[in-house]
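Derivation of every value follows stated rules applied to the coordinates shown; laboratory data play no part. Keep in mind it's a predicted model, so treat the numbers as computed, not measured. Positions of Cβ are generated from backbone atoms using ideal geometry, with glycine treated the same way; all protein chains shown enter the neighbour counts.
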Amino acid sequence: SALSFYQKSLEIRQKTLPSNHPDFGAIYSNIGALHQDMGDYSTALKFYQQALDVREKYLPPKHRDLATSYGNFGSIHSSMGDKSKALEYYQKALEIRELSLPTNHPDKANSYICIGSVYDSMDNYSSALSCFEKALEIQKLTFPENHPDFADTYSSFGSVYSSMGDKSTALSYYQKALEIRELSLPPKHPNIATSYNNLGTIYSSMGNKQKALSSYEKSLEIKQACLPPNHPSLVTTYNNIGLVYQSMSDYSTALSFYEKAYEICEKNPQLSQLDEAATTYNKIGSAHHSMKEYSIALSFFEKALEIQSKSPNPKNRSLAVTYSHIGLAYHEMNDHQKALTFYEKAFEIEQKSLPDDHRDLATSYSNIGLVYDAMKDYTTALSYHEKALVIREKKMSSDDSVLASTYNNIASTCYEMENYSSAVSFYKKALHIREESLAADDPTLATTYNNIAAAYKSMNDEYNALAFYEKALAIRLKKLAADDPSLATIYTSIASLHNLLKDYSNAIMFYKKAIQIREKSSSAEDLELGTNYSNIAIVYKSVGDKTNALTFYKKALALRLRKLAVDDPSLAAIYTSIASLHYSMDDYSNTITYYKKAIEIREKSSSSDDPELAT
């Protein structure tokens with residue numbers, strides 16, 4: 001292997017040359033690079049330091065080999081997540097190269113790419129683009145058009161445009177990089193794997209899951225052929241494949257890939273304390289969260305936090321992501337105060353490290369808003385959702401699904417505040433995006449139609465409410481089993497609207513559909529079934545069918561007597577309704593019996609001057 005060759009070469013030189021000979025600088029540097037490629041960062045750092053010690057002692061201060069050493073230090077610190085140190089060393093390397101090399105030397109282009117990549121990772125996109133443009137300018141004067149170095153620069157441009165949300169431009173640059181690499185490199189070269197990985201990431205962000213998966217699998221195939229089985233780069237690819245399966249709701253397959261990444265992290269002591277491990281723990285936690293296994297998810301998020309808390313840069317963005325994940329887990333577990341605490345920790349880091357209009361800040365505003373929604377503090381919730389919207393309308397395309405979710409969040413909060421016209425307005429903004437981007441029978445559309453219908457119903461606009469409920473029902477009938485409990489809910493809503501519109505035959509038909517589902521379900525004793533019995537009884541009473549009305553009122557009463565205390569105030573209303581029916585049927589004995597039951601409950605639960613009692 002290359003490593004054994006370099007080690008033998010080192011042994012020979014150690015026997016034949018003085019310990020301070022300049023040749024040791026090159027061999028230490030080469031051995032360090034091999035260890036870095038193998039993911040053994042601590043050993044790589046040791047050899048890089050030995051190379052630098054030799055070179056600083058015996059070379060003039062502006063020698064190009066010193067620039068190489070500083071560049072190696074920049075690379076290793078970047079791999080270890082210490083971006084500020086990486087930037088410092090890369091800039092030292094560039095400073096030497098500016099003084100010692102010709103204007104168009106390719107090493108200067110390489111320095112600009114390295115510095116630009118660090119700026120990209122720090123979200124300083126304008127500085128990153130400036131560096132990459134300088135690199136490209138040098139390369140165009142130096143290399144033929146299909147030289148592999150162009151691919152590195154195009155990939156770097158793709159990364160920045162991806163981070164900026166310009167996905168089509170990013171895709172174009174990534175495709176250029178792949179074309180060059182496939183023409184100029186061996187078919188199993190790691191850089192081709194990197195290109196496929198980049199394409200997978202951009203396809204995933206564009207919602208093209210099949211192309212994303214295909215690209216990631218090509219990347220994995222190449223990496224497995226040319227890298228050791230526990231190489232850190234495999235962690236990234238396994239995690240990316242897992243993420244696609246998770247987005248397709250195939251959580252068991254997603255977990256299997258995350259666990260492969262986890263195994264590599266566990267076997268590699270260096271990796272187990274780096275961001276790759278924390279990222280993997282976060283992804284495993286995220287899959288368990290999607291499976292509603294919130295306590296398991298929380299345990300993995302806390303493992304990620306433990307690693308990141310020991311980081312040389314404990315206020316980094318990855319830590320903010322973990323705080324957000326922990327906040328989400330607590331939110332789902334209904335511990336809203338803890339959720340808020342962790343969301344605010346994430347926000348604090350982001351606020352210090354990101355521009356005011358960064359999309360991650362919008363995510364934090366949205367998360368905090370949802371917690372306040374859950375705490376029923378709707379005014380505060382709305383203010384956070386609106387802050388998220390300001391950023392997202394500025395930074396996202398008008399058809400972005402995240403923007404649709406933001407409109408939906410604002411609409412839901414407005415609905416809870418009984419501002420129904422604003423709710424309809426924002427639900428329709430969300431609907432416009434979703435109708436353009438989703439399949440016509442996507443369940444998300446059904447939910448949006450349902451929400452708009454509920455808002456119209458609250459505004460007493462029965463015709464519009466009915467139209468949107470029917471749209472929601474059409475999708476759900478395609479997607480759900482005929483006895484799905486959620487169908488009972490929408491049948492009930494449609495029935496109530498037909499009743500309000502005095503379309504009693506349709507009201508009865510839809511109430512019967514709801515009752516049929518609920519009577520068969522495992523929750524046949526649910527009080528909602530009792531409400532359906534009462535509702536259909538009211539409709540039968542409206543059409544003068546006293547026998548059916550009485551039958552369903554008594555079914556409602558029997559169910560409620562099984563579920564409620566005998567003096568529950570809601571029973572008084574149903575006793576009164578039954579009494580009224582008996583009276584209309586000239587059955588005065590039962591009329592008195594049921595009125596007495598109603599009076600007995602109301603005397604216990606009401607003040608003596610309660611108007612209901614007088615009635």
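The table below gives the values:
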quantity: Listed residue (183, 61, 558) projecting farthest to the positive dipole end of the chain, Cβ model; calculated: 183
quantity: Test item: Cα-centred dipole of the chain, Lys/Arg +1 and Asp/Glu -1 on Cβ, debye; calculated: 780
quantity: Theoretical ellipticity at 222 nm over the chain - DSSP helices of four or more residues, -39500 (n - 2.57) apiece, nearest 500; calculated: -26500 deg cm²/dmol
quantity: Listed peptides 184-196, 529-541, 155-167 by packing density, highest first (mean Cβ within 10 Å); calculated: 529-541, 155-167, 184-196
quantity: Backbone HN-Hα couplings from phi across the stretch 536-550 [Karplus 6.51/-1.76/1.60, Hz, Gly and Pro as x]; calculated: 5, 4, 4, 5, 4, 5, 5, 8, x, 8, 5, 5, 5, 4, 5
quantity: Residue-count net charge about residue 543 - beta-carbon cut-off 13 Å; Lys, Arg +1, Asp, Glu -1; calculated: +1
quantity: Between helix 336-353 and the chain: long-axis angle, C-alpha atoms, 0 to 90°, nearest 10; calculated: 30
quantity: Within straight-line cross-link reach of residue 546, aspartates and glutamates at Cα separation under 15 Å, skipping those fewer than 8 residues along the same chain; calculated: 586, 587
quantity: Three-way shape call for the chain based on the alpha-carbon gyration tensor, with the a/c threshold at 1.5; calculated: prolate
quantity: Student exercise, the stretch 228-347 dipole from Lys, Arg, Asp, Glu Cβ charges, in Debye to nearest 20; calculated: 260
quantity: Degrees separating the helix 106-121 axis from the principal Cα axis of the chain, which is the longest one; calculated: 20
quantity: For the chain, with +1 on Lys and Arg beta carbons and -1 on Asp and Glu, the positive-most of 469, 530, 485 along the dipole; calculated: 485
quantity: Entries of 57/85; 471/512; 338/428 with Cα pairs more than 29 Å apart; calculated: 338/428
quantity: Pairs beyond 28 Å (Cα-Cα), from 83/223; 502/604; 140/218; 376/513; 303/429; calculated: 502/604; 140/218; 376/513; 303/429
quantity: Within-13-Å neighbourhood charge of residue 220 [Cβ basis; K, R +1; D, E -1]; calculated: +2
quantity: For the stretch 381-430 and the stretch 232-261, distance of Cα centres in Å; calculated: 32
quantity: Exposure proxy ranking, count of Cβ atoms within 10 Å, fewest first, for 491, 583; calculated: 583, 491
quantity: Segments 363-373, 553-563, 139-149 sorted - mean Cβ within 10 Å per residue, highest first; calculated: 363-373, 553-563, 139-149
quantity: Relative contact order of the stretch 355-476, pairs being alpha-carbon contacts under 8 Å that are 6 or more residues apart, as %; calculated: 18
quantity: Crossing angle, helix 462-479 versus the chain [Cα axis fit, 0-90 degrees, rounded to tens]; calculated: 60
quantity: Most to least packed among 595-601, 56-62 [average Cβ atoms within 10 Å]; calculated: 595-601, 56-62
quantity: Shape call, the stretch 518-576: gyration tensor on alpha carbons, a/c limit 1.5; calculated: oblate
